[in-house]
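Student: Submitted below is the structure of interest, expressed as structure tokens.
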Amino acid sequence: MRKSFFAAILLGASVFAAPTQAADKVRFAYTVQVHQANMMIIQDYAKKYGLEIEITPMRRYADLQLALMTNQVDVAAMGYVNVGLMQEKNFTDYRAIAGVFNGGQSLVLAKGVKAASWKELEGLKLGTAPNSYAELLFKASAKLGGADLSKITTVSFAAGGPPALSALKNREIDGFVFWEPNPADAAVQDIGYYSPLDIGANPAKHINGVMVVNSNFLKDKRAAVLGLIKAHIDATDALNNDHARYEQVAIMGTGAAPAIVTMAIPHGSLDYKLHAKEAKALLTMIHEAKITSEDTSVAVDKQFDYSLLMEATGKPKDQLGGE
């Protein structure tokens with residue numbers, strides 16, 4: 001016994017050391033896009049709060065919603081629009097606990113195509129992803145701006161990318177409404193430009209990404225979720241205060257060309273505030289667009305939980321996007 005004790009000392013071990021406590025584990029998923037760069041580095045800050053994050057990057061909000069609903073992940077950074085879609089499916093076992101980003105989608109017009117007002121889009125042919133959030137925002141803003149939507153032809157592209165860019169380049173379409181990096185790619189290739197017409201010019205404005213957590217996980221692991229929120233705030237503040245690092249993280253995380261990332265970043269914003277008024281407007285809009293069969297805006301008051309943001313920031317609800 002005495003020999004083994006001194007052997008332990010010589011090896012740098014302590015026979016009296018207490019067992020280390022395992023870090024809380026959070027299964028987390030986000031979408032791979034420029035304006036979720038804060039989610040790409042959240043793990044770096046989570047360690048500070050004793051968290052281990054198992055990260056799963058995904059491509060679509062629909063995939064994130066399914067993963068949350070089937071308990072494949074504990075926390076997901078999806079779209080505000082998914083709050084309405086989950087309400088439509090009577091899924092309420094979650095809470096929205098923070099924003100993630102705003103914007104990140106735009107109307108792009110082909111070079112030589114001019115439209116100084118929404119009305120001037122009439123007669124044009126625009127590419128869109130049917131029933132996408134970008135298309136919804138576009139139609140709402142165009143209608144509010146006085147355009148007759150029946151006079152604007154839309155051409156379907158499932159997810160933008162090369163087919164939409166090729167169609168724009170060959171003038172098979174006069175423009176498109178998509179999320180980044182599609183608009184930036186068109187601008188960098190010099191085949192299109194960002195229209196001054198703002199597709200966020202509606203009551204929903206440009207809210208886009210929101211962080212949601214499984215209700216039971218929040219109940220059982222509230223301290224871990226609070227740590228995740230603090231890490232989110234740290235990551236968001238770090239990138240908002242260091243543009244060069246923001247670009248570097250987005251380039252590494254998306255695989256997009258540096259010029260495209262540089263072009264895309266100003267067209268969105270990293271934001272942890274949870275926007276209630278705009279979310280209600282958005283969910284009313286998707287009902288009016290017949291994406292949901294009922295007005296799901298009631299979900300905002302039921303499912304938005306500001307307590308974690310308030311505790312993490314020391315700020316009242318009305319300074320964090322609440323009403």
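Student: Does Gly104 qualify as being in contact with an Asp or Glu (Cβ under 7 Å, 6 or more places away or on another chain) and at positive phi? Quick ask: steps written out before the conclusion?
Tutor: Numbers: in contact with an Asp or Glu (Cβ under 7 Å, 6 or more places away or on another chain): yes; at positive phi: yes.
The answer is yes for Gly104.
Student: Leu126 fails exactly one of the following numbered conditions: (1) modelled with pLDDT of 95 or more; (2) open to solvent by 50 Å² or more (accessible area, probe 1.4 Å); (3) in contact with a strand residue (DSSP E or B) (Cβ under 7 Å, 6 or more places away or on another chain). What is the number of that condition?
Tutor: Of everything listed in (1) modelled with pLDDT of 95 or more; (2) open to solvent by 50 Å² or more (accessible area, probe 1.4 Å); (3) in contact with a strand residue (DSSP E or B) (Cβ under 7 Å, 6 or more places away or on another chain), Leu126 misses just condition (2).
Student: Inspect the range 82-92 for any residue being basic (Lys, Arg), farther than 21 Å from Ile286 by Cβ and either open to solvent by 20 Å² or more (accessible area, probe 1.4 Å) or not in a helix (DSSP H, G or I) (or both) and give the result as yes or no. Give the derivation first.
Tutor: As a first pass, look at the range 82-92 and keep what is basic (Lys, Arg): 89.
Subsequent filtering for residues that are farther than 21 Å from Ile286 by Cβ retains none.
Checked the range 82-92: no residue is basic (Lys, Arg), farther than 21 Å from Ile286 by Cβ and either open to solvent by 20 Å² or more (accessible area, probe 1.4 Å) or not in a helix (DSSP H, G or I) (or both).
Student: Report the residue count in the range 58-81 for those that are farther than 22 Å from His287 by Cβ, surrounded by 14 or more Cβ atoms within 10 Å (Cβ to Cβ) and modelled with pLDDT of 95 or more.
Tutor: Taking the range 58-81 as the starting set, the residues that turn out to be farther than 22 Å from His287 by Cβ are 58-59, 63, 67, 70-77.
Next, only the ones that are surrounded by 14 or more Cβ atoms within 10 Å (Cβ to Cβ) stay: 58, 63, 67, 72-77.
Now narrow it down to the ones that are modelled with pLDDT of 95 or more: 67, 72-77.
Of the residues in that region, 7 qualify.
Student: Please work out which residue is farthest from Tyr194 (Cα to Cα), limiting yourself to the range 141-166 and to residues that are crowded, with 19+ Cβ neighbours inside 10 Å and small (Gly, Ala, Ser).
Tutor: Initially, the range 141-166 is screened for residues crowded, with 19+ Cβ neighbours inside 10 Å, giving 141-142, 147, 152, 154, 157, 160, 164-165.
Restricting the remaining residues to those that are small (Gly, Ala, Ser) gives 141-142, 147, 160, 164.
Numbers: Ser141: 16, Ala142: 16, Ala147: 19, Gly160: 15, Ala164: 15 Å.
Here the answer is Ala147.
Student: Looking at this structure, is Ser215 in contact with a strand residue (DSSP E or B) (Cβ under 8 Å, 6 or more places away or on another chain), polar (S, T, N, Q), open to solvent by 20 Å² or more (accessible area, probe 1.4 Å) and within 30 Å of Lys143 (Cβ to Cβ)? Spell out the reasoning first.
Tutor: Working: in contact with a strand residue (DSSP E or B) (Cβ under 8 Å, 6 or more places away or on another chain): yes; polar (S, T, N, Q): yes; open to solvent by 20 Å² or more (accessible area, probe 1.4 Å): yes; within 30 Å of Lys143 (Cβ to Cβ): no.
No.
Student: Further question on the same structure: If I ask for residues that are in contact with a helix residue (DSSP H, G or I) (Cβ under 7 Å, 6 or more places away or on another chain) and either surrounded by fewer than 17 Cβ atoms within 10 Å (Cβ to Cβ) or farther than 11 Å from Val177 by Cβ (or both), which ones from the range 103-123 would you list? Write out each step before concluding.
Tutor: Step one: filter the range 103-123 for residues in contact with a helix residue (DSSP H, G or I) (Cβ under 7 Å, 6 or more places away or on another chain), giving 103-108, 110, 115, 118, 121-123.
Answer for the range 103-123, where residues must be in contact with a helix residue (DSSP H, G or I) (Cβ under 7 Å, 6 or more places away or on another chain) and either surrounded by fewer than 17 Cβ atoms within 10 Å (Cβ to Cβ) or farther than 11 Å from Val177 by Cβ (or both): Gly103, Gly104, Ala110, Ala115, Trp118, Glu122, Gly123.
Student: Restricting the search to the range 186-195, which residues are touching a residue at least 40 places away in the same chain (Cβ under 8 Å), open to solvent by 40 Å² or more (accessible area, probe 1.4 Å) and not hydrophobic (A, V, I, L, M, F, W, C)?
Tutor: Of everything in the range 186-195, those that are touching a residue at least 40 places away in the same chain (Cβ under 8 Å), open to solvent by 40 Å² or more (accessible area, probe 1.4 Å) and not hydrophobic (A, V, I, L, M, F, W, C) turn out to be Asp190, Tyr193, Tyr194.
Student: Something else now. Pick out the one residue from Lys25, Lys3 that is at pLDDT below 95, in a helix (DSSP H, G or I) and open to solvent by 70 Å² or more (accessible area, probe 1.4 Å).
Tutor: Working: Lys25 fails: in a helix (DSSP H, G or I).
Of the residues listed, the single one that is at pLDDT below 95, in a helix (DSSP H, G or I) and open to solvent by 70 Å² or more (accessible area, probe 1.4 Å) is Lys3.
The rows are residues; the columns are (1) modelled with pLDDT of 95 or more; (2) touching a strand residue (DSSP E or B) at 6+ places or on another chain (Cβ under 9 Å); (3) crowded, with 22+ Cβ neighbours inside 10 Å.
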position	(1), (2), (3)
Ile207	yes, yes, yes
Val210	yes, yes, yes
Lys219	yes, no, no
Arg222	yes, no, no
Gly227	yes, yes, yes
Lys230	yes, no, no
Ile233	yes, yes, no
Thr236	yes, yes, yes
Asp242	yes, no, no
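Student: Name, by its number, the condition in (1) in a strand (DSSP E or B); (2) without any contact (Cβ under 8 Å) to a residue 12 or more places away in the chain that does not hold for Ala76.
Tutor: Unmet condition: (2).
Student: Is it the case that the range 93-102 has a residue that's touching a Leu at 6+ places or on another chain (Cβ under 7 Å), closer than 17 Å to Phe178 by Cβ, open to solvent by less than 50 Å² (accessible area, probe 1.4 Å) and modelled with pLDDT of 95 or more?
Tutor: Initial filter on the range 93-102 (touching a Leu at 6+ places or on another chain (Cβ under 7 Å)): 94-99, 101.
Retained after the next criterion (residues that are closer than 17 Å to Phe178 by Cβ): 101.
Filter once more, keeping what is open to solvent by less than 50 Å² (accessible area, probe 1.4 Å): 101.
Then keep just the ones that are modelled with pLDDT of 95 or more; that gives 101.
Scanning the range 93-102, I find at least one residue that is touching a Leu at 6+ places or on another chain (Cβ under 7 Å), closer than 17 Å to Phe178 by Cβ, open to solvent by less than 50 Å² (accessible area, probe 1.4 Å) and modelled with pLDDT of 95 or more, so the answer is yes.
Student: Testing Thr262 on (1) modelled with pLDDT under 95; (2) polar (S, T, N, Q); (3) within 23 Å of Ala37 (Cα to Cα), one condition comes back false. Which one is that?
Tutor: (1)
Student: Please verify whether the range 264-278 includes one or more residues that are over 16 Å from the mean Cα position of the chain (by Cα) and either over 16 Å from Asn102 (Cβ atoms) or open to solvent by less than 40 Å² (accessible area, probe 1.4 Å) (or both). It would help to see each step written out before you state the result.
Tutor: Step one: of the range 264-278, the residues over 16 Å from the mean Cα position of the chain (by Cα) are 277.
Narrowing the set further to residues that are either over 16 Å from Asn102 (Cβ atoms) or open to solvent by less than 40 Å² (accessible area, probe 1.4 Å) (or both) leaves none.
No; the residues of the range 264-278 include none that is over 16 Å from the mean Cα position of the chain (by Cα) and either over 16 Å from Asn102 (Cβ atoms) or open to solvent by less than 40 Å² (accessible area, probe 1.4 Å) (or both).
Student: For residues that are open to solvent by less than 40 Å² (accessible area, probe 1.4 Å) and modelled with pLDDT under 95, tally how many sit in the range 289-323.
Tutor: The number of residues fulfilling the criteria is 1.
The values are calculated or read from the model by the stated rules, or taken from the named source; none is laboratory data. In this text, all values refer to a predicted model and were calculated from it rather than measured experimentally. FYI the Cβ positions are ideal-geometry reconstructions off the backbone, even for glycines, and counts take in every protein chain you see. The area values use the complete protein model at the heavy-atom level, side chains included, leaving out ligands, DNA and RNA. Shrake-Rupley method; radii C 1.70, N 1.55, O 1.52, S 1.80 Å.
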